Amino acid sequence: MADVQDFTALQGTEPVHHAVSSSDPLKNEADLDYEMRHNALAAIDNAKFGWFHVKACMVAGVGFFTDSYDIFAINLCSLIMGYVYYADATGDAANTTPTKIDMWVKGATQLGCIIGQFGFGYLADRLGRKRIYGVELIIIIVCTLGGSFAGMTARGLSV
């Protein structure tokens, strides 16, 4: 309940309190957790519109942008991979990523998104969102730099 009270103190609204008592034998831990989340969401819903709401929308928008960018960019990367790694092929296969490799790359992207969302979501719930977002940022920076140096640059091309 402290989180709800802290949030509402910042927003200038009164918290919505429901009877949450651990002494009730009919309430289990899941019910208490549900009520605490419900109270926190009710406090957000009842709060006056302010900078917190703008920041929440911006964070959600940036998260959606980065996820969608990764998912949509793989199509372009697949085409570029054909020029970088399969330029020596002959005939119609020249500068084209083979179909099986193309499917595996795109499938791995989707699988990685699913595993990452569930895995990092779980870790964020357990270890704290700020800490995990910092770790995610470091992983993204290191992998972006690694990916930029991954191609054969003999022809001046890289993925």
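Summary of computed values
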{"item": "Meets criteria (on the phi < 0 side of the Ramachandran plot, in contact with a helix residue (DSSP H, G or I) (Cβ under 7 Å, 6 or more places away or on another chain) and not basic (Lys, Arg)) for ILE80", "result": "no"}
{"item": "Residues that are surrounded by 11 or more Cβ atoms within 10 Å (Cβ to Cβ), part of a helix (DSSP H, G or I) and not β-branched (Val, Ile, Thr), drawn from the range 95-106", "result": "ASP102, MET103, TRP104, LYS106"}
{"item": "Hits in the range 29-46 (condition: among the charged types (D, E, K, R) and more than 25 Å from the chain's Cα centre (by Cα))", "result": "GLU29, ASP31, GLU35"}
{"item": "Test set (1) in contact (Cβ under 8 Å) with a residue 60 or more places away in the chain; (2) among the aliphatic types (A, V, I, L, M); (3) open to solvent by 50 Å² or more (accessible area, probe 1.4 Å) - ILE138 fails condition number", "result": "(1)"}
{"item": "Residues of the range 107-135 classified as hydroxyl-bearing (Ser, Thr, Tyr) and open to solvent by 60 Å² or more (accessible area, probe 1.4 Å), total", "result": "2"}
{"item": "Any pair with Cβ under 6 angstrom, 6 or more apart, that starts in the range 44-58 at a residue that is more than 19 Å from ARG129 (Cα to Cα) and ends at one that is assigned to a loop (DSSP other than H, G, I, E, B)", "result": "ASN46/THR13; ALA47/THR13"}
{"item": "Which listed residue, of ASP70, ASP88, is among the charged types (D, E, K, R) and surrounded by 13 or more Cβ atoms within 10 Å (Cβ to Cβ)", "result": "ASP70"}
{"item": "Odd one out for SER22 among (1) more than 20 Å from LYS130 (Cα to Cα); (2) small (Gly, Ala, Ser); (3) modelled with pLDDT of 60 or more; (4) open to solvent by 50 Å² or more (accessible area, probe 1.4 Å)", "result": "(3)"}
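The values are calculated or read from the model by the stated rules, or taken from the named source; none is laboratory data. Keep in mind that what you see is a predicted model, and the values were worked out from it rather than measured. Don't worry about glycine lacking a Cβ; one is built from the backbone with ideal geometry, like all the others, and counts go over all protein chains shown. Calculation scope for accessible area: heavy atoms of the full protein, side chains included, ligands and nucleic acids excluded. Shrake-Rupley method; radii C 1.70, N 1.55, O 1.52, S 1.80 Å.
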